[in-house]
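Inspection log for the structure reproduced underneath, given as C-alpha cells.
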Amino acid sequence: MSPVSPFLQRSHAERNRLLPEPYQRVLIPLLVVALLALPMLGNSYLIYLLNLTCLAVIGAVGLNLLTGYCGQVSLGHASFMAIGGFVTAIAGETFGLPFWLAVPASCLVGAAVGFLVGIPALRFRGIYLAIATLAMHYAIIYLLTSYQTHFEASATAGISVSSPSLAGYVLSDGYDWYYLLLAVAAATVLFGLNLTRTHCGRAWVAIRDRDISAATLGINVPAYKLRAFVVSAALAALAGSLGAYFHGIVTAEGYTLELAILYLAMVIIGGMGSVAGTVLGAAFMTLLPFAVDAVGGLLPSAWRLGTVIYGFQEGAIGVVIILFLLFEPRGLIEIFRRLADYFQRWPFRYRELQSGG
C-alpha cells in the first residue's frame, strides 16, 4: 500500500489541524526552544523589544478577530487598551487588588464596554462603522483624560502603577516579564487559532464575506458581531493591562489614534484573517521604528536629530503600509506561504497555464 501524501486531506478533522504540514511540526518546536533560550543569549535591549512584541501580538490578535475575520473595521482599538490600563491602575493603586485580580477585572470591563459599543455599531458598516468607532475612541479618551487630571496632583504626567508580584516574586525588569508575556501571547494566539476554527469563527468569516448571505443561512448576524466586539475589546484590555504593569505608568496621551492605526497596520501587513499573520505583522511593525532608529544612527551627525529620526520612523511606517497595499495586500503570511510552497515542491516548479490565442 502506497504511503498517503501529507498534502492530502481526507477528513474535516485533518483539514482543521493546528499544524497540518510536516514542516510546521518541526518549525514550531524549534521556534519555541529558541524563544525560551533567548534570555540566556540576548541583552536587556533585545528582551525589551521582545516584550513589546508580545504585548503587540496580544492586542493585534484581538483586532484581527474583529476586522480580519468578522469584517468590522475599527479605529477604536487603542481606547479599549486605555480602558485596560486605567482599570488596572485604579484597581491596583486605589483598591489594592493584586495582579491576578486586576488583570481579569480589566478584561471584564473592556468586554463590557465592547458590548455596549457594539450595540449601536450594529447599525453601521464599512466607512460608517470606522467613523463610529473613531468617535467612540475620542469619547473614551476624553473621559479617561478627565479622570486622569483629577486623580492626584501629579496626574498630568500619568498614573504610576506599582510592579506586580506573583507568588511573592516581584516582576521588576524585562527578564522577569519576558516569560510571562511570552506565555500570555502564546495563549492568546492559541485561543485565536482555536476560536476561528469553531462555528463562531466560521460565522464571522461568512459575515465578513457577505452578511446578507450569512443571515439567509441562519446565522444570527447581530449576535456574532457583538461576540466579535466583546472578544476583541477583552483582548485589547488585556494588552493594555499588562502594558500598564510593564511600563509602570498609565497616561491617556499614550493611547492615541496613531496607536489604533498602528494596530490596524499590523493586521493589514500581517494578513487579514490570519492569526499567524497577525504575529508576523505585530513583530514587523513593532520592530520597524527601532530598525529605522538603528539605521539613522549610521547617518552623519547632522541628520541624527530626534525630530528627524522620528519623522523617518513615521514616514517608514506609512511607506510600508502603502507598499503592502499595492504589491502584497494579503500580507506577510502570503509571502511565507509562497516560500513554504516553493520549498515543499522543490525541485518541481509550478507554472501557470498559458491561454491559447
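Residue-by-condition table, conditions (1) within 25 Å of the chain's Cα centre (by Cα); (2) surrounded by 14 or more Cβ atoms within 10 Å (Cβ to Cβ); (3) farther than 30 Å from PHE124 by Cβ:
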| site | (1), (2), (3) |
| --- | --- |
| LEU144 | yes, yes, no |
| ILE159 | yes, yes, yes |
| SER163 | yes, yes, yes |
| VAL170 | no, no, yes |
| ASP176 | yes, yes, yes |
| VAL221 | yes, yes, no |
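Just to be sure before I move on: is ALA112 farther than 23 Å from VAL275 by Cα, modelled with pLDDT of 90 or more and among the aliphatic types (A, V, I, L, M) in the structure I sent?
Working: farther than 23 Å from VAL275 by Cα: yes; modelled with pLDDT of 90 or more: yes; among the aliphatic types (A, V, I, L, M): yes.
Criteria met by ALA112.
I want to confirm something. Restricting to segment 118-134 and keeping residues that are farther than 20 Å from ILE261 by Cα and touching a residue at least 24 places away in the same chain (Cβ under 8 Å), which single residue is surrounded by the most Cβ atoms within 10 Å (Cβ to Cβ)? Break it down stepwise before answering.
Applying the first criterion (farther than 20 Å from ILE261 by Cα) to segment 118-134 yields 119-120, 122-123.
Right, trim to touching a residue at least 24 places away in the same chain (Cβ under 8 Å) and you get 119, 122.
Values: ILE119: 12, LEU122: 15.
Per the stated criteria, the residue is LEU122.
Of the conditions (1) assigned to a helix (DSSP H, G or I); (2) farther than 16 Å from ILE159 by Cβ, ALA82 clears all except one; give me its number.
(2)
Would you mind finding the one in ALA214, ALA203 that is more than 16 Å from GLY68 (Cα to Cα) and without any contact (Cβ under 8 Å) to a residue 60 or more places away in the chain? Talk me through it step by step, then tell me what you get.
Values: ALA203 fails: more than 16 Å from GLY68 (Cα to Cα).
Answer to the check: ALA214.
The values are calculated or read from the model by the stated rules, or taken from the named source; none is laboratory data. The model shown is predicted, which means the values in this text are computed figures rather than measured ones. No Cβ is skipped: glycine too gets one built from the backbone with ideal geometry, and neighbour counts run over all protein chains shown.
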